[in-house]
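Here's the structure we're looking at; comments come further down.
The values are calculated or read from the model by the stated rules, or taken from the named source; none is laboratory data. This one's a predicted model, so the numbers in the text were calculated from it and none came from an experiment. No Cβ is skipped: glycine too gets one built from the backbone with ideal geometry, and neighbour counts run over all protein chains shown.
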Amino acid sequence: MTHDRLDQIRYDMHRLASRFRSRSGRPILAMVMMLALSGCQQGLFTSQAPPPVVRKSDAKAPDDYIIGSGDQLSIFVYRNPDLSEGGVAVRPDGRMSTPLIEDIVAAGKTPTQLAREIEERLKKYVQDPNVTVIVRSFIGPPDRQVRVIGEATDPIAIPYRDHMTLLDIMIATKGLTKYASGNRAVIVRIDPDGKQETIKVRLNDLIKNGDIGQNIEMNPGDTLIVPQSWF
């Protein structure tokens, strides 16, 4: 709304209000009109600065855990303790066995998916089974692990967790051996298109000098290679 239009509205309202007055002589309609006019005037200026748009967070939700070979599971069947198992290992072939169920594939599934499949298998023996799967120890599938090879004190494959960093890996592997060439270490990473990327990292600067700039975030499937020193 322009200022010229606003002045015209104000003039018309004053003319209209002069025709209608209450017995007490107070221009009731005029008061109402002036309040409306005030609102129009306020809108004239506020419309020039619209409220900021609140953008949704771009934070990624954590992925559901995927069961892998070597994981230890607890299988709880509600009101059926004889069918429940406190410690079931996922075999290297990715399968597991529980009472009344043999060789069910567990690797590659979430605990909830596995629970629903066990329920389906138990329906021939139990009416409306209710199953809960709890992961007791974690290894995860190979593509959800971070591997460390070379001159680490304890080379190991570590289950990936959200926002895991290079320093977390060093703590888990108990640091470097005395023969390690930490500043020549590399991370081998495979991108979603299958292309291999090599990232140079300076582990000595990170561990001994506290160079946090070297503390990069790891991806699932990464392999950290720590070479041996030349002398």
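Determine whether the range 215-224 contains at least one residue that is part of a strand (DSSP E or B), of a type outside the set (Gly, Ala, Ser) and at pLDDT below 95. Within the range 215-224, not a single residue is part of a strand (DSSP E or B), of a type outside the set (Gly, Ala, Ser) and at pLDDT below 95. The residues listed here are Ile158, Ile187, Ile169; of these, the one that is within 20 Å of Gln72 (Cβ to Cβ) and crowded, with 18+ Cβ neighbours inside 10 Å is Ile158. Counting residues in the range 106-116 that are assigned to a strand (DSSP E or B) and small (Gly, Ala, Ser) gives zero. Does the range 194-215 contain at least one residue that is touching a residue at least 40 places away in the same chain (Cβ under 8 Å) and either under 29 Å from Asp71 (Cβ atoms) or in the same structural domain as Pro92 (by TED's automatic domain parsing) (or both)? Scanning the range 194-215, I find at least one residue that is touching a residue at least 40 places away in the same chain (Cβ under 8 Å) and either under 29 Å from Asp71 (Cβ atoms) or in the same structural domain as Pro92 (by TED's automatic domain parsing) (or both), so the answer is yes. Hey, any hits in the range 84-102 for a residue that's under 24 Å from the mean Cα position of the chain (by Cα), farther than 27 Å from Arg189 by Cα, among the hydrophobic types (A, V, I, L, M, F, W, C) and not in a strand (DSSP E or B)? Scanning the range 84-102, I find no residue that is under 24 Å from the mean Cα position of the chain (by Cα), farther than 27 Å from Arg189 by Cα, among the hydrophobic types (A, V, I, L, M, F, W, C) and not in a strand (DSSP E or B), so the answer is no.
Being outside any strand (DSSP E or B) and among the basic types (Lys, Arg) is the filter; apply it to the range 190-208 and report the residue that is surrounded by the most Cβ atoms within 10 Å (Cβ to Cβ). For the range 190-208, the residue satisfying everything is Arg202.
Of all residues in the range 218-231, those that are within 12 Å of Leu176 (Cβ to Cβ) have Cβ atoms under 9 Å from Cβ atoms of residues that are surrounded by fewer than 16 Cβ atoms within 10 Å (Cβ to Cβ) and among the charged types (D, E, K, R), 6 or more apart or on another chain, in Ser229/Lys178.
Only residues that are exposed (fewer than 15 other Cβ atoms within 10 Å of the Cβ) and touching a residue at least 24 places away in the same chain (Cβ under 8 Å) were counted across the range 87-107, and they come to 2.
Against the test of being of a type in the set (Val, Ile, Thr) and in contact (Cβ under 8 Å) with a residue 24 or more places away in the chain, the options Ile139, Ile171 yield a single qualifying residue, Ile139.
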